[in-house]
Amino acid sequence: SSNRFGGIDKMKAAVFKTAGSPLVVETVPDPTPEPNDLVLKVGACGICGTDLHMSENTDATVGWRGLPPECVMGHEFAGEVVEVGREAKGDWRTGDRVTALPWIGCGECALCRSGRGFRCASAKMRASHKLPGAYAEYCRVGAFESFRLPSTVSFQEGAMVEPLAVGLNAVRRAGLRPGDSVLIVGAGPVGLSVALWCRFFGAQHIVVSDLVEVRAERALSMGATSAVDARHDDVMEHVEAVIGARPEIVFDAVGVPGSLQLAIDYAAHDGRLVVVGLCMAGDHLFPTKALVKELDIRFAFIYPQADFAKVLELLGLGRIDAKPMISDCIGLGEFSDAFEALKQPNQQIKVMLEPN
């Protein structure tokens, strides 16, 4: 039987079952909009390292939050409006091309109004039963949290707004000034996003290291001035040869046990260190080195709504280019295998699901 989107009465989605087991593509009910929501036909959805981490670990006491069985992940996405909630503000029409924040807040509280809806007491986050994600043919978004794509921005690029906003927030928190020298540890999507913004804001030296040479080299197309294969070369020797000193700012964009200590070891005296890689396990630190160096260490998690909007605007103007980060596009049929493959060291940067 036909549903209101003109297809069958259910949609396909990649469903999380239990920690450590592959996602299962199966039919699930179509999303139904709340009064202030939109429903999107998903055009593209990026696979995020956060999802990879969370799918391996359901213990919320160890990581950030546990995943409930039968949930659908996917929070970096763009698509086309197919249904508009009856009270949705913003003159939305079916056919509008949209990207959206990965949460739905109440839209009324001071936190929502200041663009920090992820802190809203009633916020619904993706990959929960209250708000399934976009590893699916359709997904529900809040009208308040949605943004129209400029005509020049593809669905794939629209799905890159979220990870680019994460990088922008990290670089803001670093207090980067024109002429600063930077080391970025990790050349995954977050590390490359950080490299892009370091270049945008005028850093003089941007060195990116990774254990996979191909990923490190990819950073050169995203703003890095130099790349290091950390598996075969001494990162600090390379940095000092290029910069002439230790870096003023170090970004830990890896997020595994040991990576924060490594960043502390690399940093200059009086340096700034920003942790933007999400480590979902316990870690062991020697704070003495950070104390003796008098490092400023900040953590960067998520961005205000204005940053999300700014990224989209700059993409539309052609001021930034996210395309070099997209390394593969797949359909739902290949999705589960591709998701599992990303849990091992690999050459991919950002893999895009195109479910329709």
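Restricting segment 230-253 to residues that are open to solvent by 50 Å² or more (accessible area, probe 1.4 Å) and part of a loop (DSSP other than H, G, I, E, B) leaves a set whose member that is farthest from Leu291 (Cα to Cα) is His232. Pairs linking a residue in segment 210-222 that is under 16 Å from Ser259 (Cα atoms) to a residue that is part of a helix (DSSP H, G or I) and open to solvent by 40 Å² or more (accessible area, probe 1.4 Å), with Cβ atoms under 9 Å and 6 or more positions apart or on different chains, are Asp210/Glu217; Asp210/Arg218. Restricted to segment 303-356, and to residues that are over 27 Å from Val256 (Cα atoms) and among the polar types (S, T, N, Q), which residue is most open to solvent (accessible area, probe 1.4 Å)? Out of the qualifying residues, it is Asn356.
Table: residues versus (1) modelled with pLDDT of 95 or more; (2) touching a Lys or Arg at 6+ places or on another chain (Cβ under 9 Å).
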residue: Phe201; (1), (2): yes, yes
residue: Val208; (1), (2): yes, yes
residue: Val250; (1), (2): yes, yes
residue: Ala253; (1), (2): yes, no
residue: Val256; (1), (2): no, no
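For segment 9-43, what are the residues that are open to solvent by less than 30 Å² (accessible area, probe 1.4 Å) and assigned to a strand (DSSP E or B)? Within segment 9-43, Met11, Ala13, Ala14, Val15, Val28, Asp37, Leu38, Val39, Leu40, Val42, Gly43 qualify.
Restricting attention to segment 181-209, the residues being part of a strand (DSSP E or B), hydrophobic (A, V, I, L, M, F, W, C) and free of Cβ contacts under 8 Å to residues at least 40 places away in the same chain number 2. Restricting the first member to segment 320-338 and to residues that are within 14 Å of Glu162 (Cα to Cα) and touching a residue at least 24 places away in the same chain (Cβ under 8 Å), and the second to residues that are buried (at least 18 other Cβ atoms within 10 Å of the Cβ) and of a type in the set (S, T, N, Q), the beta-carbon pairs closer than 7 Å and six or more apart or on different chains are Ile326/Gln156. Against the criterion of being open to solvent by less than 10 Å² (accessible area, probe 1.4 Å), of a type outside the set (Ser, Thr, Tyr) and touching a strand residue (DSSP E or B) at 6+ places or on another chain (Cβ under 6 Å), Val171 does not qualify.
For segment 201-229, the candidate set comprises residues that are over 18 Å from Gly277 (Cα atoms), among the β-branched types (Val, Ile, Thr) and in contact with a helix residue (DSSP H, G or I) (Cβ under 9 Å, 6 or more places away or on another chain); within that set, the residue that is most open to solvent (accessible area, probe 1.4 Å) is Thr225. Within segment 104-117, residues that are on the phi > 0 side of the Ramachandran plot and at pLDDT 90 or above sit with their Cβ atoms under 8 Å from residues that are open to solvent by 10 Å² or more (accessible area, probe 1.4 Å) and outside any loop (DSSP other than H, G, I, E, B), at 6+ positions apart or across chains, in these pairs: Gly115/Gln305; Gly115/Ala306.
Total residues in segment 254-277 satisfying the condition of being touching a residue at least 40 places away in the same chain (Cβ under 8 Å) and in a strand (DSSP E or B): the figure is 2. For segment 120-129, state whether one or more residues are in contact (Cβ under 8 Å) with a residue 60 or more places away in the chain, in a loop (DSSP other than H, G, I, E, B) and open to solvent by less than 40 Å² (accessible area, probe 1.4 Å). Among the residues of segment 120-129, at least one is in contact (Cβ under 8 Å) with a residue 60 or more places away in the chain, in a loop (DSSP other than H, G, I, E, B) and open to solvent by less than 40 Å² (accessible area, probe 1.4 Å), which makes the answer yes.
Of everything in segment 62-103 that is of a type in the set (Phe, Trp, Tyr) and not in a loop (DSSP other than H, G, I, E, B), the residue that is modelled with the highest pLDDT is Phe77. Of all residues in segment 254-302, those that are touching a strand residue (DSSP E or B) at 6+ places or on another chain (Cβ under 7 Å), under 23 Å from Phe118 (Cβ atoms) and surrounded by fewer than 20 Cβ atoms within 10 Å (Cβ to Cβ) total 3.
If you go through segment 91-103 and keep only what is of a type outside the set (Ser, Thr, Tyr) and either free of Cβ contacts under 8 Å to residues at least 60 places away in the same chain or out of contact with any Ser or Thr (no Cβ under 9 Å at 6 or more places or on another chain) (or both), you end up with Asp91, Trp92, Arg93, Gly95, Asp96, Pro102, Trp103.
The values are calculated or read from the model by the stated rules, or taken from the named source; none is laboratory data. A quick note: this is a predicted structure, and the numbers were derived from the prediction, not measured. Neighbour counts run over all protein chains shown; Cβ positions are idealised from the backbone, glycine included. Note: accessible area is taken over every heavy atom of the protein model, side chains too, but ligands, DNA and RNA are not part of it. Shrake-Rupley method; radii C 1.70, N 1.55, O 1.52, S 1.80 Å.
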